[in-house]
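The numbers here are math on the coordinates, done by the rules we state, and not lab data. Remember, it's a predicted structure, so these values are computed and weren't measured experimentally. For neighbour counting, all protein chains shown are included, and Cβ atoms are generated from backbone atoms with ideal geometry for every residue, glycine included.
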Amino acid sequence: MADAGAVTLRRSSERTAVRTVGRRTSRANLAAYVILSIGAVIVLLPFFWMLSTSLMTLPETVTYPPHWLPASPKFGNYPQAWNEAMFARYLINTILIATCTTAGMLVTSSLAAYAFAQLNFFGKNVVFVGMLATMMIPFEVTMIPDFLVVKQLGWYNTYWAQIVPWTASVFSIFLLRQFFGGLPKDLWEAAELDGSGHLYYLTQIVVPLSTPALTTAGLFTFLGSWNSFVWPLIVTKDDSMRPIQVGLSYFIQEQGVVWHLLMAGATITIVPVVIVFLFVQRQFIEGIARSGLKG
């Protein structure tokens, strides 16, 4: 009887401990959800303000205190913004520039990252560290020399000036090197036994296995090219050659900012990026997680 009582008491204690741990876990989860919800609201608030302002009239955008919602939504702001700022041309230019820049970056970065990850050559680590050091140089420092080079090459006011300088990315090389370096060495040894060279191994084995990392690098480059403003502004002079971010400056006039049309244009600008991210978000998250880059 004593043993049975002890067993019963022990089981009762275990159940009590499990319930206590469960309550603590529930409270911790609730706190996490509350914090994440607050963070989500803070992140989404600017987008809500952009959408709301894009449906207002101009007087509503400059009133104080500001209005959170339009009195009567003006969906006509979108076609007006599209027609007034040559958005069709800007959008075509942006898609062309961003796509070509991303494709070129993936080619150059894959080759460079493979060399740093898989090949052994004299001074490899020194070269890699020196290359990473260039990431600390602000763009403003190299902007004028880069512009002079573009001018000397005869690329001023062309697509080449907006694409070629950005087809090499130190960050993408670093990201892909981290991923390539984590692939099993047995894959190369097996490929070498079959008579494969490095180029065949890279294109037929490494690249297909590195889809998440390539997607991540491509997305970063695509977003950077899509959001580029200063560089296209200084290397172009005709509106027909400029991307969509420069086109948004059309609504900033001497008389003031046409806020409702500017926000409508910004909404048009961000929609393609959101669509692209929705398609690649799974590979993007996997690429970050498996490349050793954590926040």
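Which residues in region 237-279 have a backbone N closer than 18 Å to a point placed 7 Å from the Cα of Leu58 along the Cα-to-Cβ line?
Flagged as within label range: 248-266.
Would you indicate which of (1) 26.9, 98; (2) 24.0, 77; (3) 19.3, 55 is the value of Rg and Dmax of the Cα atoms in Å derived from the coordinates of this structure?
Correct label is (1).
Please list, ordered by chain and number, the residues whose modelled amide H lies under 5 Å from the amide H of Trp155; skip anything fewer than 5 residues away on the same chain.
When sequence neighbours closer than 5 places are left aside, there are no close amide H contacts.
Positive end of the dipole of the chain, charges at C-beta (+1 Lys, Arg; -1 Asp, Glu), about the Cα centre: which of Thr167, Thr216, Trp259 has its Cα farthest in that direction?
Highest projection toward the positive end goes to Thr216.
So what is the calculated 222 nm ellipticity per residue for the chain, using -39500 (n - 2.57) for each DSSP H run with n of 4 or more, over all residues, to the nearest 500 deg cm²/dmol? Let's see the in-between values first.
Values: 14 runs with 210 residues, N = 295.
It lands at -23500 deg cm²/dmol.
Once you have the Cα-Cα distance between Trp188 and Thr158, take 0.36 nm times their residue separation minus that, and quote the gain in nm to one decimal.
Numbers: separation 30, 0.36 × 30 = 10.80 nm, distance 4.19 nm.
Here the answer is 6.6 nm.
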